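> Structure below; questions to follow.
The values are calculated or read from the model by the stated rules, or taken from the named source; none is laboratory data. Here the structure is a predicted model, which means the values were calculated and not measured. In this analysis, Cβ positions are derived from the backbone assuming ideal geometry, glycine residues included, and neighbour counts consider all displayed protein chains. Each accessible area value is taken on the protein alone, full model and side chains, heavy atoms only, with ligands, DNA and RNA left out. Shrake-Rupley method; radii C 1.70, N 1.55, O 1.52, S 1.80 Å.
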Amino acid sequence: MPCKTDAAAIHRLISECPPLDLNSVYTYLLLSEHFPQTCILSGSGDTFDGFVSGYIPPGRPETLFVWQVAVHERARGQGLARSMLSQLLQRPGLGAVQYIETTVGPDNAASRGMFAGLARQLSAPIHEEPCFQPALFGAESHEDEPLLRIGPFGAA
Ligand SMILES: CC(C)(COP(=O)(O)OP(=O)(O)OC[C@H]1O[C@@H](n2cnc3c(N)ncnc32)[C@H](O)[C@@H]1OP(=O)(O)O)[C@@H](O)C(=O)NCCC(=O)NCCS
């Protein structure tokens, strides 16, 4: 679980994992301080190889929303992203989770491959629907962010 002293290093990791949006250090402080149970960090010292941020949307204890998944280039292709997501789902306190939701750009093949693999592992169907269209980002140029919903687990 991340803690607030990790936030600056998490920020650096995310900056090295395009195409992820780089949020402020303050955002990673908030995630570490208020949502450590639904975030997971891999590595040691101030050098981290992987980070997943997520939260349980208010009033929806059956759903884990996964915000960012980052694995540094040096650690990719070894199952780290999959392992972090699996470990999150095994945490005490997340036993009611039956769905994972996330948004993934249409061109992010790595992310789509990762979530498709997770759905297979969980024997769960994947449903995709529109969510955050480019116009919602205002003047910022941003690709479409459709919603992927994986679950219920064990139903496929
Ligand atoms: C996406 C990312 C997190 C994957 O991390 P990883 O540790 O290399 O992934 P894993 O080794 O755990 O692989 C998990 C699955 O994803 C698939 N995958 C990983 N990289 C892939 C790629 N470039 N293209 C297609 N599939 C890929 C793997 O084949 C594996 O599939 P399987 O479950 O069927 O075996 C990593 O590439 C990354 O940080 N990318 C940049 C940031 C990003 O796009 N994050 C996701 C947006 S939320």
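> Would you mind telling me the share, in percent, of accessible area of the chain contributed by carbon and sulfur at probe 1.4 angstrom?
Values: 4470 of 8190 Å².
Ligands and nucleic acids excluded, carbon and sulfur reach 55 percent.
> While we're looking at this one, here's another question. Per the Kirkwood treatment, what hydrodynamic radius in Å, one decimal, follows for segment 59-143 from the mean inverse distance over all distinct Cα pairs?
On the way: mean 1/r = 0.0686 Å⁻¹.
So the Kirkwood estimate lands at 14.6 Å.
> Express the accessible area of segment 103-156 per residue in Å², computed with a 1.4 Å probe while the remaining protein chains stay in the model.
Here the per-residue accessible area is 56 Å².
> Report the far tail of the P(r) of segment 1-77, meaning the percent of Cα-Cα pairs longer than 20 Å.
Values: 732 of 2926 pairs.
Taking all Cα-Cα pairs of segment 1-77, the fraction more than 20 Å apart is 25 percent.
> While we're looking at this one, here's another question. Starting from the Cα gyration tensor of the chain, multiply each eigenvalue by 5, take the square root, and state the resulting semi-axes largest first in whole Å.
Whole-Å semi-axes of the equivalent ellipsoid: 22, 20, 16.
> Using 0.36 nm per residue, how much length does the chain from Glu33 to Glu73 gain when fully extended, once their Cα-Cα distance is taken away?
Extra length available between Glu33 and Glu73 comes to 11.7 nm.
> Turning to a different aspect of this structure: For segment 119-136, just list the computed ³J(HN,Hα) in residue order, Karplus coefficients 6.51, -1.76 and 1.60, θ = phi - 60°, integers in Hz, with x standing in for Gly and Pro.
4, 4, 4, 8, 6, 10, x, 10, 10, 10, 8, x, 9, 10, 6, x, 5, 5
> Taking H placed 1.01 Å from N in the peptide plane, check which residues at least 5 places from Phe132 or on another chain put their amide H under 5 Å from its amide H.
Close amide H contacts, sequence-distant or interchain: Glu145, Leu147.
> Quote the charge dipole size of the chain about the Cα centre in Debye, to the nearest 20; the model charges only the Cβ of Lys and Arg (+1) and of Asp and Glu (-1).
Approximately 560 debye in magnitude.
> Moving on to the next point. Convert each backbone phi in segment 7-12 into a coupling constant with the Karplus relation 6.51 cos²θ - 1.76 cosθ + 1.60 (shift: θ = phi - 60°), then list the ³J(HN,Hα) values in order as whole Hz, x for Gly and Pro.
4, 5, 6, 5, 4, 5
> What list of ³J(HN,Hα) values in whole Hz, one per residue of segment 85-95 in order, does the Karplus curve 6.51 cos²θ - 1.76 cosθ + 1.60 (θ = phi - 60°) give from phi, with Gly and Pro shown as x?
Per-residue couplings from phi come out as 5, 5, 5, 4, 5, 8, 5, x, x, 10, x Hz.
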